[in-house]
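Q: The structure follows.
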Number of protein chains: 2
Amino acid sequence: MDTERKARYEARARIIKALAHPARLLIVDELRGKSRCVCELQAELELDMSTVSKHLSVLKNAGIVQDAKKGVQVYYSLRCPCVTDFFQCAEKVLLTRARDQAEVLGRTARGGLR
Amino acid sequence: MDTERKARYEARARIIKALAHPARLLIVDELRGKSRCVCELQAELELDMSTVSKHLSVLKNAGIVQDAKKGVQVYYSLRCPCVTDFFQCAEKVLLTRARDQAEVLGRTARGGLR
DNA sequence: CTAATACTTGGCTATGTTGCCAAATAAGCA
DNA sequence: TGCTTATTTGGCAACATAGCCAAGTATTAG
């Protein structure tokens, strides 16, 4: 397979992988519009601060967030607000699935399943 | 934290996670517009057929693809073509990062870094 | 029925991920 | 200076993932 093509899929996968965790999705959601320091995010996530910090470094390494030190605190913000589009994409898939599910159930209720 | 909110992030993460692999991104790309059988995808991926099959089952369990048996072959297709939006999202992040990178390099060349 | 083809499943190993705790670092305050 | 607070890093255990091979299933062809 074409090396360049392969590299492109790998680059995309790295971005998507960085978002593929509920805690990191919550972080991205919290960061919409405003920047937040680690302890604020920790309060929402109810995880050890070291764990939150690691999630943030995953997002940072992927180029999704950036950090800025303010005194003792570190404020994180979205580097590319477009990541929130991922939510809509995921939501659409979930909706499609829910709709199909409902349809199947409807057919079953009408005696379609044997 | 709110249980419902948590569940929503988990549901989204499951979808995104299913896409977070170069092989599966390639599959989704191959499936744009047309359906493909497992051996066609295998030829592109250059992976063991059992591995391809497992990637497909990950996508299927996430509700991203659906399968239809035609004789001996199994044809897979996108259940929700909107997943290709993910590519654009990922691409935007990559672009943003590349642009920032270029900017930093520009500053360095002008003697900004010490 | 037998053989061949297409695919899936089970099993295994290697590798990656997530969480916590403890220790290290950094900045502001007394 | 030494103390406190905020954050990061290292280490480790538990668990998940990705790949291959071998074996199982299913459908068509002879």
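The values are calculated or read from the model by the stated rules, or taken from the named source; none is laboratory data. The model shown is predicted, which means the values in this text are computed figures rather than measured ones. Note: ideal-geometry Cβ built from the backbone for every residue, glycine included; neighbour counts use all protein chains shown. Side chains are part of the model used for accessible areas, which takes the heavy atoms of the whole protein and leaves out ligands, DNA and RNA. Shrake-Rupley method; radii C 1.70, N 1.55, O 1.52, S 1.80 Å.
Q: Can you spot a residue in segment A:82-100 that is among the aliphatic types (A, V, I, L, M) and at pLDDT 95 or above?
A: Here is the first cut: in segment A:82-100, the ones among the aliphatic types (A, V, I, L, M) are A:83, A:90, A:93-95, A:98.
Imposing the further condition that a residue be at pLDDT 95 or above reduces the set to none.
No, the conditions are met nowhere in segment A:82-100.
Q: Further question: For residues that are at pLDDT below 95 and assigned to a loop (DSSP other than H, G, I, E, B), tally how many sit in segment A:1-30.
A: Result for segment A:1-30: 2.
Q: Yes or no: segment A:46-56 includes at least one residue that is more than 9 Å from DNA strand C (Cβ to nearest atom), open to solvent by less than 10 Å² (accessible area, probe 1.4 Å) and within 22 Å of B:Glu10 (Cβ to Cβ).
A: Yes, there is a match, as at least one residue in segment A:46-56 is more than 9 Å from DNA strand C (Cβ to nearest atom), open to solvent by less than 10 Å² (accessible area, probe 1.4 Å) and within 22 Å of B:Glu10 (Cβ to Cβ).
Q: Quick check on my filter: what residues within segment A:22-68 are small (Gly, Ala, Ser) and over 20 Å from B:Lys6 (Cβ atoms)?
A: A:Gly33, A:Ser35, A:Ser50, A:Ser53, A:Ser57, A:Ala62, A:Gly63, A:Ala68
Q: Take the conditions modelled with pLDDT of 95 or more, more than 14 Å from every other protein chain (Cβ to nearest Cβ) and either over 20 Å from B:Val93 (Cα atoms) or near DNA strand D (Cβ under 8 Å from one of its atoms) (or both) and apply them to A:Ser35. Does it pass?
A: no
Q: Hey, any hits in segment A:59-77 for a residue that's of a type in the set (Asp, Glu), more than 9 Å from chain B (Cβ to nearest Cβ) and away from DNA strand C (no atom under 16 Å from the Cβ)?
A: Taking every residue of segment A:59-77 in turn, none turns out to be of a type in the set (Asp, Glu), more than 9 Å from chain B (Cβ to nearest Cβ) and away from DNA strand C (no atom under 16 Å from the Cβ).
Q: Is it the case that B:Cys82 is surrounded by 12 or more Cβ atoms within 10 Å (Cβ to Cβ), over 24 Å from A:Ala7 (Cβ atoms) and within 11 Å of DNA strand C (Cβ to nearest atom)?
A: no
Q: Can you list residue pairs whose Cβ atoms sit under 7 Å apart, with the first residue in segment B:35-50 being closer than 17 Å to B:Ala68 by Cα and the second being among the charged types (D, E, K, R)? Count only pairs 6 or more apart in sequence or on different chains.
A: B:Arg36/B:Glu30; B:Leu41/B:Glu30
Q: May I ask you to say which residue of B:Ala13, B:Ala23 is free of Cβ contacts under 8 Å to residues at least 24 places away in the same chain and either facing another protein chain (nearest Cβ under 10 Å) or away from DNA strand D (no atom under 15 Å from the Cβ) (or both)?
A: Going through B:Ala13, B:Ala23 in turn, just one is free of Cβ contacts under 8 Å to residues at least 24 places away in the same chain and either facing another protein chain (nearest Cβ under 10 Å) or away from DNA strand D (no atom under 15 Å from the Cβ) (or both): B:Ala13.
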